[in-house]
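Asker: One structure is given below, represented as structure tokens, and several questions about it will come after.
The values are calculated or read from the model by the stated rules, or taken from the named source; none is laboratory data. It should be emphasised that the depicted structure is a prediction, and the values quoted were computed from it without experimental measurement. Glycine gets a Cβ as well: all are built from the backbone with ideal geometry, and neighbour counts include every protein chain shown. Ligands, DNA and RNA are excluded from the accessible area calculation, which covers all protein heavy atoms including side chains. Shrake-Rupley method; radii C 1.70, N 1.55, O 1.52, S 1.80 Å.
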Amino acid sequence: KRAIDSLTANNFEINLELFDIDEKDSSEIQNFINSSNFKNYDMIFGPLHSNSFKTISLKAKEFYIPIVSPLAQQNKILYNNIYASKTNPTHYALLESLADYIIDSIKVNHVELIFCLLKAILRRLLQ
């Protein structure tokens, strides 16, 4: 979200489509990669899990679409696909994203407690 906000603030036009696909449902994945719009994407960010990433990245390769795995730690998802890449977020970035998600998703009176817990976890990770 921050990257998109930063780009749009600098007059960069973004057409973002978000998909909520059950990564365990192979028919949903097939419907997504076989949709008429799939070949028109400039880039795909996700899915989160490597099992569905492989299926989607192979189809993206057919259309020369770059695809990024945001969480995968394994390099095998990159094998034989020059259009596939992965990020390697720091522990701090992962916790910061988790904190943002929690703050946006839960009741306000619990946010301070969770934020303190996340800060304590972060301090321990950075020691």
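Asker: When you look at Leu113, is it modelled with pLDDT under 85, among the hydrophobic types (A, V, I, L, M, F, W, C), open to solvent by 50 Å² or more (accessible area, probe 1.4 Å) and farther than 22 Å from Ala3 by Cβ, yes or no?
Answerer: Yes; evaluated as a whole, the condition is true for this residue.
Asker: If you don't mind, another one. Is it the case, given these coordinates, that Ala93 is at pLDDT 70 or above, hydrophobic (A, V, I, L, M, F, W, C), touching a Phe, Trp or Tyr at 6+ places or on another chain (Cβ under 8 Å) and within 19 Å of Ala3 (Cβ to Cβ)?
Answerer: On the way: at pLDDT 70 or above: yes; hydrophobic (A, V, I, L, M, F, W, C): yes; touching a Phe, Trp or Tyr at 6+ places or on another chain (Cβ under 8 Å): no; within 19 Å of Ala3 (Cβ to Cβ): yes.
No; evaluated as a whole, the condition is false for this residue.
Asker: Same structure, new question: Assess whether Phe63 counts as being open to solvent by 20 Å² or more (accessible area, probe 1.4 Å), in contact with a helix residue (DSSP H, G or I) (Cβ under 7 Å, 6 or more places away or on another chain) and at pLDDT 80 or above.
Answerer: Considered against the rule, which asks whether it is open to solvent by 20 Å² or more (accessible area, probe 1.4 Å), in contact with a helix residue (DSSP H, G or I) (Cβ under 7 Å, 6 or more places away or on another chain) and at pLDDT 80 or above, Phe63 comes out as yes.
Asker: Moving on to the next point. Looking for something closer than 18 Å to Ala3 by Cα, open to solvent by 80 Å² or more (accessible area, probe 1.4 Å) and at pLDDT 80 or above - is there at least one such residue anywhere in segment 45-60?
Answerer: Yes.
Asker: What number of residues within segment 1-34 are farther than 25 Å from Ser57 by Cα, polar (S, T, N, Q) and either in contact (Cβ under 8 Å) with a residue 40 or more places away in the chain or assigned to a loop (DSSP other than H, G, I, E, B) (or both)?
Answerer: So the count comes out to 2.
Asker: Taking segment 1-39 as the search range and keeping residues that are exposed (fewer than 10 other Cβ atoms within 10 Å of the Cβ) and of a type in the set (S, T, N, Q), which one is nearest to the chain's Cα centre (by Cα)?
Answerer: Asn15
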